[in-house]
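Only one structure is covered here, and it is reproduced in the block below.
The values are calculated or read from the model by the stated rules, or taken from the named source; none is laboratory data. Bear in mind that the values here come from a model prediction, so they are computed numbers and not experimental data. Cβ placement follows ideal geometry from the backbone for every residue including glycine, while neighbour counts extend to all protein chains displayed. Just so you know, the surface numbers come from the protein's heavy atoms only, side chains and all, with ligands and any DNA or RNA stripped out. Shrake-Rupley method; radii C 1.70, N 1.55, O 1.52, S 1.80 Å.
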Number of protein chains: 2
Amino acid sequence: MSKEIPYKIYLEESEMPKQWYNVRADMKNKPAPLLNPETHKPMTVDELSGVFCRELAEQELNDHDAYIDIPQEILDFYKMYRPAPLVRAYCLEKALGTPAKIYYKFEGNNTSGSHKLNSAIAQAYYAKKQGLKGVTTETGAGQWGTALSMACAYLGLECKVYMVKVSYEQKPFRREVMRTYGADVTPSPSDTTNIGRKILEEFPGTTGSLGCAISEAVEVAVGTEGYRYVLGSVLSQVLLHQSVIGLESMIACDKYGIKPDMIIGCAGGGSNLGGLISPFMGRKLRGEADYEFIAVEPASCPSLTRGAYAYDFCDTGKVCPLQKMYTLGSGFIPSANHAGGLRYHGMSGIVSQLYDDGLITARSVEQTSVFEAAQKFARIEGILPAPESSHAIKVAIDEAMKCKETGEEKTILFGLTGTGYFDMVAYQKFNDGLMTDYIPTDDEIAKSLAKLPKI
Amino acid sequence: MSKEIPYKIYLEESEMPKQWYNVRADMKNKPAPLLNPETHKPMTVDELSGVFCRELAEQELNDHDAYIDIPQEILDFYKMYRPAPLVRAYCLEKALGTPAKIYYKFEGNNTSGSHKLNSAIAQAYYAKKQGLKGVTTETGAGQWGTALSMACAYLGLECKVYMVKVSYEQKPFRREVMRTYGADVTPSPSDTTNIGRKILEEFPGTTGSLGCAISEAVEVAVGTEGYRYVLGSVLSQVLLHQSVIGLESMIACDKYGIKPDMIIGCAGGGSNLGGLISPFMGRKLRGEADYEFIAVEPASCPSLTRGAYAYDFCDTGKVCPLQKMYTLGSGFIPSANHAGGLRYHGMSGIVSQLYDDGLITARSVEQTSVFEAAQKFARIEGILPAPESSHAIKVAIDEAMKCKETGEEKTILFGLTGTGYFDMVAYQKFNDGLMTDYIPTDDEIAKSLAKLPKI
């Protein structure tokens, strides 16, 4: 028998997870190893430790420990903005007239505006523990940069952010949030790095890309005493930290007897999706329960639904390790989709492997329909969602409407990764009826994939 | 004995208040009656009902019922974004090295970004219940307009917002949030009203004021079939709805054995301060407990600390009822302080009377010191506060530092009314070292007060 479900379930502090869950431990087919970009041999902890903090390098390569303790300092920080509520979307259900039960895990109740803070504090903590002076990173939409700035301010660590130039210029308020938290924000490409200068020379007037910003941040990290590089998605260590989303969700579900039939998340690099589904996937892998997992990506950047599963570069400068992943090719330039967090050419190795094994399904959706769903959700549920998160909303509503047709009382859980307060330029375009959709042609994708490295 | 205090206290749904508390019922000296601007006689419910919904007009004049039931529809809406957490500022205490215990009630976890939603949904609900078509209002900083847009979208009510022109132009993203919620937003002064046209003729190129926007919104409400006017602060009905802040805080305090020594709130029109302190003030008025209440206002608009307690006009057009309040005069033009929500010339009648009776103290603070406190708070507690709320933070930190000197273990509770995500222009000015302070001269205030109406 299930208890009456409140609108919002907040766990007690004592119920919050004390360990992260590492889904790789339960995967039969492990993600393929990261390769050294020069030798094409599997990266070792020692090699990775030149770029990442040592403990993070270890986490990156750890595919056997199912649980890893969350250090007390991180637990304390989590308590400042977590638990995130598991929300029963009573109002949305009623407005849709669906028999489906809809839940969402809302990660937007913190100043970074998204789930990114879960990994930012972990990465900053290990950097601090190692006695480092600071960290570098890149940011596209700005949520990751903000999260990292907050974590670094809290721990007294320096923070250098390379922000994709088009975002730097179009999102000055995001930049100011980072500056308020004491970060040093540089538009990328910049003349502060070799790769930046090279790109500026080759493509004068370029507005930058995530791949290029990554290369600049890595170059500075490797070349500056007491610095390391940190990354907000794609990596297995990030999915590990983000498992706190799924763990809290699962504890809340178990407490109230909620059994999700399907779990939906937007997928850019895979950090939110991977974090949300990991513990549930663990149950599925261990044969304890079954769920349908749906990754939602933009039609303009469809790495899972139209990409190839192959080794590829993670960055434009080709300095990062090679990763086997679903990719559109590191040279793929996605159209100016407003969900900046979903414009990466590749996908988390963990998510890629699970998808390749048929354990996750994927859908691509067009941004106009995504903003229609976002507007509807905002008006009914009172939260203005981030464009990224709205991809999940769109599919959750689609599925709830299918239930209305069939009469099925499915339980739908989706990840609401964040708020759209810094995305009002996109909303304005939508409000003014000026938003357009763009889907790459088969030819465009084939041309990009033809340039994949031969491994 | 007190339980261990978690970082954040969220009440259970079953513990949330079901009635608002009307502090007027316990006040020996009631606030002076609202007067008809033409006859100077006390306003009746019938007269007020031409401008406000009937039930709100009744609430406005009700100074005897201590508790008023919150309708179920409003309770349901509250459940979407409430309870607001009562936060123990462990990190701030540690960073300051103070023996004081600091708590804040955080009202920013909703898309309007502030406590304003508490009254917006109530006012929209009564309008809907009365069978109205829509409501009009004004907005300065934009938090109230956003809150009302959200409430109207939820209930299917039309919403016309007159937004002070300087905000309309400088805060396009606020405007877009309101538009996303379906509101019709007009920069004020506009040519859609008589008063707007008159002001534009008299002061071409003016960037508007709250007093003028109020007059326009009232004119449209009175002149449009099926419309009424709603207001986000100052009125007694608003303080009634906002008592939910104080009630939740008190229930949480009682549950954990927390006994605040002082309760601090920023004060513009008084809605947040009044709402936060009301139930505690009730205890003080009934002799059940004692607290120190501190109202914090900007030095640039010091209605309590430097104004007169007198009848004054609430709006530029002088169409609203006269109210006895602490005021700087309805013609007072505050300097361009970045806390737009604290730039009103007058103060809630309830707060004014309590202040005049010596039950509340007041302090004025300069905005540069306020932003210093805001930045410190953001970095330590992880929440980027609204400039308005940061006035309370400033004084809370000051008081905690006094405790550090004296060794007193005072318990400090303050209201964190909202987030500053739409105030990054102000933060940028502060980050760039370009923020200035302005304090009106005695002569300026005297000149403005000389024009008070003779009642």
Quiz item: For the range A:174-196, which residues satisfy the criterion of being more than 25 Å from A:G156 (Cβ to Cβ), open to solvent by less than 10 Å² (accessible area, probe 1.4 Å) and among the β-branched types (V, I, T)?
Solution: A:T193
Quiz prompt | Extreme residue, nearest to B:R24 (Cα to Cα), among residues of the range B:323-357 that are among the hydrophobic types (A, V, I, L, M, F, W, C) and surrounded by fewer than 24 Cβ atoms within 10 Å (Cβ to Cβ) | solution = B:I333
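Residue by residue, here is whether (1) more than 13 Å from B:G346 (Cβ to Cβ); (2) free of Cβ contacts under 8 Å to residues at least 40 places away in the same chain; (3) among the hydrophobic types (A, V, I, L, M, F, W, C) holds:
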| site | (1), (2), (3) |
| --- | --- |
| B:H241 | yes, no, no |
| B:L247 | yes, no, yes |
| B:G257 | yes, no, no |
| B:G282 | yes, no, no |
| B:E292 | yes, no, no |
| B:P298 | yes, no, no |
| B:A308 | no, no, yes |
Self-check item: Of all residues making up the range A:114-126, the number that are within 13 Å of chain B (Cβ to nearest Cβ) and over 13 Å from the mean Cα position of the chain (by Cα)
Solution: 2
Quiz item: Within the set of pairs 6 or more residues apart or between chains, which connect a residue that is in the same structural domain as A:S209 (by TED's automatic domain parsing) inside the range A:171-191 to a residue that is in a loop (DSSP other than H, G, I, E, B) and surrounded by fewer than 23 Cβ atoms within 10 Å (Cβ to Cβ) with Cβ atoms less than 7 Å apart?
Solution: A:T186/A:T192; A:P189/A:T206
Self-check item: From the options A:T419, A:T436, A:T406, A:T441, residue that is in the same structural domain as A:Q323 (by TED's automatic domain parsing) and buried (at least 17 other Cβ atoms within 10 Å of the Cβ)
Solution: A:T419
Practice problem: State whether the residues of the range B:90-97 include one that is within 13 Å of chain A (Cβ to nearest Cβ) and among the aliphatic types (A, V, I, L, M). | Solution: yes
Quiz item: Can you spot a residue in the range B:435-448 that is under 25 Å from B:G140 (Cβ atoms) and within 14 Å of another protein chain (Cβ to nearest Cβ)?
Solution: yes
Quiz item: Hey, A:P37 hits all of (1) open to solvent by 20 Å² or more (accessible area, probe 1.4 Å); (2) in contact with a helix residue (DSSP H, G or I) (Cβ under 9 Å, 6 or more places away or on another chain) but one; which does it fall short on?
Solution: (2)
Exercise. Using the structure shown, decide if B:F77 is surrounded by fewer than 24 Cβ atoms within 10 Å (Cβ to Cβ) and either under 24 Å from B:T419 (Cβ atoms) or not assigned by TED's automatic domain parsing to the domain that holds B:P279 (or both).
Key: no
Quiz item: Could you count how many residues in the range B:1-24 are open to solvent by less than 30 Å² (accessible area, probe 1.4 Å) and away from chain A (no Cβ under 14 Å)?
Solution: 6
Exercise. Any residue in the range A:200-219 that's more than 23 Å from A:A339 (Cβ to Cβ): show its pairings with residues that are open to solvent by 50 Å² or more (accessible area, probe 1.4 Å) and of a type in the set (A, V, I, L, M, F, W, C) at Cβ separation under 8 Å, as long as the two are six or more apart or on different chains.
Key: A:V218/A:V319; A:E219/A:V319
Self-check item: Number of the condition not met by A:R88 [criteria: (1) touching a helix residue (DSSP H, G or I) at 6+ places or on another chain (Cβ under 7 Å); (2) open to solvent by less than 50 Å² (accessible area, probe 1.4 Å); (3) assigned by TED's automatic domain parsing to the domain that holds A:T406]
Solution: (1)
Quiz item: In the range B:94-116, how many residues are outside any loop (DSSP other than H, G, I, E, B) and either surrounded by fewer than 20 Cβ atoms within 10 Å (Cβ to Cβ) or touching an Asp or Glu at 6+ places or on another chain (Cβ under 8 Å) (or both)?
Solution: 7
Self-check item: Subset of the range A:1-42 [over 23 Å from A:L239 (Cβ atoms) and either of a type in the set (F, W, Y) or part of a helix (DSSP H, G or I) (or both)]
Solution: A:Y7, A:Y10, A:E13, A:S14
Quiz item: Which of the helices (runs of 4 or more DSSP H) contained wholly in the range A:129-215 include at least 2 residues that are within 14 Å of chain B (Cβ to nearest Cβ)?
Solution: A:143-155, A:165-170, A:172-180
Quiz item: So which residues in the range B:50-62 are more than 22 Å from the chain's Cα centre (by Cα) and either among the aliphatic types (A, V, I, L, M) or at pLDDT 95 or above (or both), if there are any at all?
Solution: B:R54
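Per-residue answers, yes or no, for (1) outside any helix (DSSP H, G or I); (2) open to solvent by less than 10 Å² (accessible area, probe 1.4 Å); (3) out of contact with any Leu (no Cβ under 9 Å at 6 or more places or on another chain):
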residue: B:V238; (1), (2), (3): no, yes, no
residue: B:Q242; (1), (2), (3): no, yes, no
residue: B:I277; (1), (2), (3): no, yes, no
residue: B:S300; (1), (2), (3): yes, yes, no
residue: B:Y309; (1), (2), (3): yes, no, yes
residue: B:C314; (1), (2), (3): yes, no, no
Quiz item: For the range B:71-89, what are the residues that are more than 10 Å from chain A (Cβ to nearest Cβ) and touching a Phe, Trp or Tyr at 6+ places or on another chain (Cβ under 8 Å)?
Solution: B:P71, B:E73, B:I74, B:A84, B:L86
Quiz item: In this structure, does A:T361 turn out to be without any contact (Cβ under 8 Å) to a residue 40 or more places away in the chain and of a type in the set (V, I, T)?
Solution: no
